[in-house]
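This report concerns only the one structure given below.
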Amino acid sequence: MGASISVRNVAKGFHLTRRGHFSVLEDVTFKVAAGEFVALVGPSGCGKTTLLDLIAGLARPDRGQILVNDHPIEGPGLDRGVVFQQYALFPWKTALGNVEFGLEAKGVARAERKRRARAFLDLVGLGGFGDRYPHELSGGMKQRVAIARALSFDPDVLLMDEPFAALDAQTRETLQDELLRIWQRTGTTIVFITHSIDEAVYLGQRVLVMAAAPGRITHSLNVHLERDNLSEDLRSAPEFVRLRHDIWQLTHQRRPTSGAALVHAA
Ligand SMILES: Nc1ncnc2c1ncn2[C@@H]1O[C@H](COP(=O)(O)OP(=O)(O)OP(=O)(O)O)[C@@H](O)[C@H]1O
Ligand SMILES: [Mg+2]
C-alpha cells in the first residue's frame, strides 16, 4: 500500500566553485496522499531532480523537512523505489540480475526472486531478454529494466524522474498505460517527473507545476479523467485538452484562460 509524502518548507542549494552559494529550491511545500499519483512538470533546471533526490533520501535539504508516512526521511530506503533520469543499471549484472537486486536486498529467497524478477521483466515487455547485459540493450530497454527493478520490491512510494523521455512514442504510450495499470493494482504512491504536459495530464491525478530560479511549486491542478477504460482516447477528452492548455499557459508564465480546477499549491 502507498505511503503519504509531506514536503515542508524545503530549501536546497549548492556551493559552486568560485561562485558561492547557488539556491536551487526555496520554500517548497506540498503533500502527496497515500496512493496518489502526482505528476510534476517544470522547465529544465528548475530543480525537479534535486527535489526527487531529497525525497529519495539521496541528499538532505538545507532547511525544511520531508516526511514519509509522518516519519522524517533518514536516507534511502526500500520503502521508496527510484527510477532515475539516466539509466542506472549495474553493468556487471544481467537484466534479470538487475531486477533481482532489490529483492535480494529485501531478503527474498533465490527461487522466488527469480520468479518475481521474470514476471516484472515480462510486464515491461522484456520477457526474452533476462540474460542480456545492459550494454546489449537499447536505451528504451534499459529504462524498462530500471522500471521493472523499481517495481519488483513493491515499494510504498515510486519516484520516477522522466522515465519515458528517451523512448519512442509508441513504447512510451504502452508503458504509460502499463504504469497506470500497475498503480491501480498496487496502490503505490507515485511522484512522476516529466517535461511533457501531455504525459503529466495523462498520468497524474494531480499535476504540480514548478517554476525556476528559485525552484518552487506554483500551482496544483486536479485532473478528473475517467481512467477505468484505458483503451479510450483520453487525450481528446475535453477535460484533457483544457488542462493541457491551462498548464501550457502556466509554464509559459501566462494566465490560464479557464482556471476552474486551479489551486495554488502553497
Ligand atoms: N550537485 C550539484 N552541484 C551544483 N549544482 C547542481 C547540482 N545538482 C544540480 N545542480 C543545479 O541545480 C539546478 C537544478 O538541477 P536539477 O537537475 O534539479 O534540474 P531539473 O529540473 O531536474 O532539470 P532537467 O529537467 O533538465 O532534468 C540546475 O541549475 C543545476 O545546474
Ligand atoms: Mg532532472
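Observations
- Scanning region 161-177 for residues that are over 25 Å from SER220 (Cα atoms) and surrounded by fewer than 18 Cβ atoms within 10 Å (Cβ to Cβ) gives ALA166, ASP168, ALA169, GLN170, THR174.
- Of the residues screened, LEU158 is not one that is more than 16 Å from ligand 2 (Cβ to nearest atom), crowded, with 16+ Cβ neighbours inside 10 Å and under 18 Å from GLY125 (Cβ atoms).
- Residue count, region 132-167 (criterion: charged (D, E, K, R) and either more than 16 Å from PRO91 (Cα to Cα) or within 16 Å of ligand 1 (Cβ to nearest atom) (or both)): 4
- Residue ranges of helices (runs of 4 or more DSSP H) in region 24-131 with at least 1 members within 16 Å of ligand 1 (Cβ to nearest atom), closer than 17 Å to THR188 by Cα and assigned by TED's automatic domain parsing to the domain that holds THR189: 48-56
- Odd one out for GLN184, checked against (1) in contact (Cβ under 8 Å) with a residue 12 or more places away in the chain; (2) surrounded by fewer than 18 Cβ atoms within 10 Å (Cβ to Cβ); (3) under 28 Å from SER44 (Cα atoms): (3)
- Within the set ALA34, ALA39, the sole residue that is modelled with pLDDT of 90 or more, of a type outside the set (Ser, Thr, Tyr), within 16 Å of ligand 2 (Cβ to nearest atom) and touching a Gly at 6+ places or on another chain (Cβ under 9 Å) turns out to be ALA39.
The values are calculated or read from the model by the stated rules, or taken from the named source; none is laboratory data. Not measured: the values here are computed from a predicted model. Don't worry about glycine lacking a Cβ; one is built from the backbone with ideal geometry, like all the others, and counts go over all protein chains shown.
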